[in-house]
1. How big is the dipole moment of region 2-263 about its Cα centre under a simple scheme where the beta carbon of each Lys and Arg is +1, that of each Asp and Glu is -1, and everything else is neutral? Debye, nearest 20, please.
2. Round to a whole angstrom and tell me the spacing of the C-alpha centers of region 80-118 and region 171-215.
3. When the helix-only estimate is applied to the chain (DSSP H runs of n ≥ 4, each -39,500 (n - 2.57), divided by the residue count), what is the mean residue ellipticity at 222 nm, nearest 500 deg cm²/dmol?
4. Does region 1-101 come out rounded, prolate or oblate, given a ≥ b ≥ c as the square roots of the eigenvalues of its C-alpha gyration tensor, rounded meaning a/c under 1.5 and, failing that, prolate meaning a/b above b/c?
5. Can you find, among 30, 69, 139, the residue farthest towards the positive end of the dipole of the chain? Put +1 on the C-beta of Lys and Arg, -1 on that of Asp and Glu.
6. Each label point is 7 Å from the Cα along the Cα-to-Cβ direction; what then is the distance between the points at residue 1 and residue 127, in nm?
7. Enter the mean projected area of the convex hull around the alpha-carbon atoms of the chain, in nm², rounded to one decimal.
8. Could you tell me which of 93, 78, 242 has its Cα farthest along the dipole of the chain towards the positive end, charges placed at Cβ (Lys, Arg +1; Asp, Glu -1), taken about the Cα centre?
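Any read-out appearing in this document is the output of simple, stated calculations on the displayed coordinates, not a laboratory observation. Values in this document were obtained by computation on a predicted structure and should not be read as measured data. Here the Cβ is made from the backbone with ideal geometry for all residues, glycine too, and neighbour counts use every protein chain on show.
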Amino acid sequence: MTTVTFLGVGAALPAPGETNSAYLIESGDVRLLFDCGPAILQQLAAVGKSPGDITHVFFSHSHGDHALGWPMFLLWWSIESRARTVTPPVVLASVSTWSHLRLLWEHSYGELPTPAFTPIELNESGSAVELTNTITLHTYPMVHSSRFHTLGARFVERQQGRSIGFTADTARCDNILLLARDVELLVHEARYAVSGPPESAAQAKYHCSAQDAGEFAQAAGAKQLALVHIGAEYQGRHADLIAEAKTRFTGPVFAPRGGDAVRL
Ligand SMILES: [Zn+2]
């Protein structure tokens with residue numbers, strides 16, 4: 001069984017009671033943390049986990065809502081792991097994201113020894129990394145920021161013939177179709193609604209709408225669609241975004257809350 005836990009689902013400035021977007025994917029021996037925002041220690045604790053449970057970390061990009069938890073996550077390994085026999089995780093990020101992650105640690109706790117995690121630098125044009133001999137993480141460049149390179153990902157369980165797609169933060173782009181092709185679950189950002197306030201349209205340069213998410217899920221043949229990274233201005237109105245996505249996608253659509261989990 002594979003479980004995707006939505007540790008947080010908020011946008012960069014989350015609504016009250018929400019936290020930034022991060023996901024935990026558990027499959028066999030792999031427990032992959034997808035992004036590591038400022039409240040990551042609290043997000044893991046809220047679902048009964050600690051950094052010591054994590055075998056792999058993937059960073060989509062280095063915007064603060066996705067990466068500022070990195071020094072706190074590493075601090076756990078620097079202090080708490082000493083008394084335990086746990087192996088620090090494999091950490092995957094693009095070359096440019098790594099340059100930011102190294103500075104974050106240096107500027108936060110640079111006087112401490114750096115925990116012995118395994119860094120993997122990913123090509124910014126996309127790549128495929130074998131996490132185990134049956135699980136591969138494929139990455140794809142997204143369109144999000146002129147300065148901070150962003151990767152989406154497709155988590156592939158070869159034995160089960162099953163995949164899960166994660167768009168990370170992105171404006172509309174063709175690579176969404178590649179990471180979402182026939183996936184069991186598509187975790188798609190939906191920062192805004194086309195039916196929302198007029199200023200929402202300004203988000204289209206950096207983000208997708210719920211309607212976009214539905215359109216890509218349908219075109220890619222996804223089995224189900226989770227809407228995440230929803231703007232705080234839509235708190236209490238997630239049903240509107242689900243309805244908007246359903247105008248384009250015929251499969252099930254949901255907008256998880258922080259702490260919700262899906263079993264595949
Ligand atoms: Zn974000």
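1. Values: 19 positive and 25 negative charges, 63 e Å.
Dipole of region 2-263, to the nearest 20 debye: 300 debye.
2. Using only Cα atoms, the two centres lie 32 Å from each other.
3. Details: 7 runs with 62 residues, N = 264.
So the helix-based figure for the chain works out to -6500 deg cm²/dmol.
4. Details: a/c = 1.40, a/b = 1.19, b/c = 1.18.
Rounded shape, in that the Cα axes give a/c under 1.5.
5. 30
6. 3.4
7. Values: hull surface 52.0 nm².
Orientation-averaged projected area of the Cα hull: 13.0 nm².
8. 242
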